[in-house]
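A quick write-up on the structure given underneath.
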């Protein structure tokens, strides 16, 4: 399990301008496999991306003196950024040869890599495309299990699958940071069950005002700055208050 070195009152998920904006900026790369004839379902891709973020946060290589610990600390000392790129065929195989973790869903495969400098991507990742990640669900997702964590998407925003994958990853990370060590361990040992669903428009104001972790976008791509994109509804966070009052929020890529 990764250690959380960040005091609550100095979280990189705070929206206000801070010294973190002047720190060297790093990005967590995620690559989704999208074969031309067999693309993954959109919702499964979003859920798999969120689990991939949790998996690298919990990996022993991300903690202490682990091989990725320095990169993870550098990334968390600045703003938390994630970028999703797509790959297929030989591109996917080359990406798979780089250090990282591949997480598999029902139809989706997402590989997450240790953070890299914003302008220092490995060439086999830098050449991958960010655009073209539009995906569809062949059928409507089933209702989410109310006993499991749910990442609720803003029903009023239109985001590409790649953008939504990054936002789901942000929300999963916010929930992770708000949990106790015991709650993190239980979630990890269960395989990080979660669902990503679009909130009912009538319920969205209630969710954003609930004090649950809330992702607030920085507006670098696709949507307006300050847009609330995802609420992380983890059952453990409903039972008792965690972290700072009013929940956590983040600027995101």
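Brief remarks on what is shown
- For residue 65, the conditions (1) more than 24 Å from residue 194 (Cβ to Cβ); (2) in contact with a helix residue (DSSP H, G or I) (Cβ under 9 Å, 6 or more places away or on another chain); (3) surrounded by fewer than 17 Cβ atoms within 10 Å (Cβ to Cβ) all hold with the exception of (2).
- Residue in segment 135-146 that is touching a residue at least 12 places away in the same chain (Cβ under 8 Å) and either crowded, with 20+ Cβ neighbours inside 10 Å or assigned to a helix (DSSP H, G or I) (or both) present: yes
- Selection of segment 107-126 for residues being more than 20 Å from the chain's Cα centre (by Cα) and surrounded by fewer than 13 Cβ atoms within 10 Å (Cβ to Cβ) yields 119, 120, 123.
- Scanning segment 184-204 for residues that are more than 19 Å from residue 159 (Cα to Cα) and surrounded by fewer than 15 Cβ atoms within 10 Å (Cβ to Cβ), we see that the one that is farthest from the chain's Cα centre (by Cα) is 202.
- Among residues of segment 77-112, those that are touching a residue at least 60 places away in the same chain (Cβ under 8 Å), assigned to a helix (DSSP H, G or I) and touching a helix residue (DSSP H, G or I) at 6+ places or on another chain (Cβ under 9 Å), counted: 2
- Residues of segment 151-167 that turn out to be farther than 15 Å from residue 135 by Cα and either part of a strand (DSSP E or B) or touching a residue at least 60 places away in the same chain (Cβ under 8 Å) (or both), as a count: 6
- Residue 124 satisfies every condition listed in (1) more than 24 Å from residue 58 (Cα to Cα); (2) assigned to a loop (DSSP other than H, G, I, E, B) except (2).
This table checks each residue for (1) modelled with pLDDT of 90 or more; (2) not in a loop (DSSP other than H, G, I, E, B).
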position	(1), (2)
187	yes, yes
193	yes, no
205	yes, yes
222	no, no
243	no, no
250	no, no
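- Odd one out for residue 53 among (1) assigned to a helix (DSSP H, G or I); (2) in contact with a helix residue (DSSP H, G or I) (Cβ under 6 Å, 6 or more places away or on another chain); (3) farther than 20 Å from residue 151 by Cβ: (3)
- The combined condition, being outside any helix (DSSP H, G or I) and in contact with a helix residue (DSSP H, G or I) (Cβ under 9 Å, 6 or more places away or on another chain), is not fulfilled by residue 201.
- Meets criteria (at pLDDT 95 or above, under 16 Å from the mean Cα position of the chain (by Cα) and either surrounded by fewer than 19 Cβ atoms within 10 Å (Cβ to Cβ) or under 24 Å from residue 192 (Cα atoms) (or both)) for residue 97: no
- Identity of the residue in segment 62-76, part of a helix (DSSP H, G or I) and within 13 Å of residue 112 (Cα to Cα), that ends up nearest to the chain's Cα centre (by Cα): 72
- Within segment 224-241, tally of residues that are in a loop (DSSP other than H, G, I, E, B) and at pLDDT below 95: 6
- Hits in segment 168-190 - residues which are in contact (Cβ under 8 Å) with a residue 60 or more places away in the chain and within 22 Å of residue 142 (Cα to Cα): 168, 169, 171, 172, 187
The values are calculated or read from the model by the stated rules, or taken from the named source; none is laboratory data. None of the values given here were measured: they were computed from a predicted structure. Glycine also receives a Cβ, built like all others from the backbone with ideal geometry; neighbour counts cover every protein chain displayed.
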